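Okay, structure first, notes after.
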Amino acid sequence: MSGSDQLSAVFSALADPTRRAILAELADRDATVTELTAPLPISMPAVSRHLKALERAGLISRTRSGKLRMSRIEAAPLREAADWIERYRRFWDTSLTRLDAHLAAVQAAGRPTDRTTHGSACPDRESPSKAHDKEN
């Protein structure tokens, strides 16, 4: 699976709250389907279906030892998703820092920061009633 397809599969798997709950359990310890089903309000077959989706996304691996089938979290795909999200967090942090600096400069210059305090919310445009009056 290519990198972007893998990332899509990870985000798709993470979109479900039950799958996120399962991953939270597996972050603490490896577990069987029975153990994972106990705290959830769904059936064992439903948990098995969620485990298959998590496995397809590469978020868990499953091993068999005798009759026990254990599920284990796989951190690498989560790291890739976190790295992807981190790029956008840095973008927003930078954007908000620039906005803070701009607002500080505007306030220091004594200019109002809220355009709605001086009449129209958009001073460069006339209100519809004024435009209508000019036409007549």
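The values are calculated or read from the model by the stated rules, or taken from the named source; none is laboratory data. Just so you know, these numbers come straight off a predicted model, no measurement behind them. Counting neighbours? That spans all protein chains shown, and the Cβs are built from the backbone with ideal geometry, glycine included. Keep in mind that these areas ignore ligands, DNA and RNA; they rest on the heavy atoms of the full protein, side chains included. Shrake-Rupley method; radii C 1.70, N 1.55, O 1.52, S 1.80 Å.
Once the Cβ-Cβ distance of Arg49 and Arg87 is raised to the sixth power relative to R0 = 22 Å, the FRET efficiency obtained is 0.10.
For region 6-74, carbon and sulfur atoms together expose 54% of the accessible surface, with a 1.4 angstrom probe and every protein chain in place. Computed over region 6-74, the P(r) curve from all C-alpha pair distances, binned at 10 Å from the origin, holds 22, 59, 18, 1 percent per bin.
Amide H to amide H, with H built 1.01 Å from N, Glu74 comes under 5 Å of Ile60, Ser61, counting only residues 5 or more places away or on other chains.
Taking every protein chain into account, the accessible area of region 6-74 amounts to 56 square angstrom per residue (probe 1.4 Å). What the phi angles of region 48-55 give under the Karplus curve with 6.51, -1.76 and 1.60, with θ = phi - 60°, is a coupling list of 4, 5, 5, 5, 4, 5, 5, 5 Hz, glycine and proline written as x.
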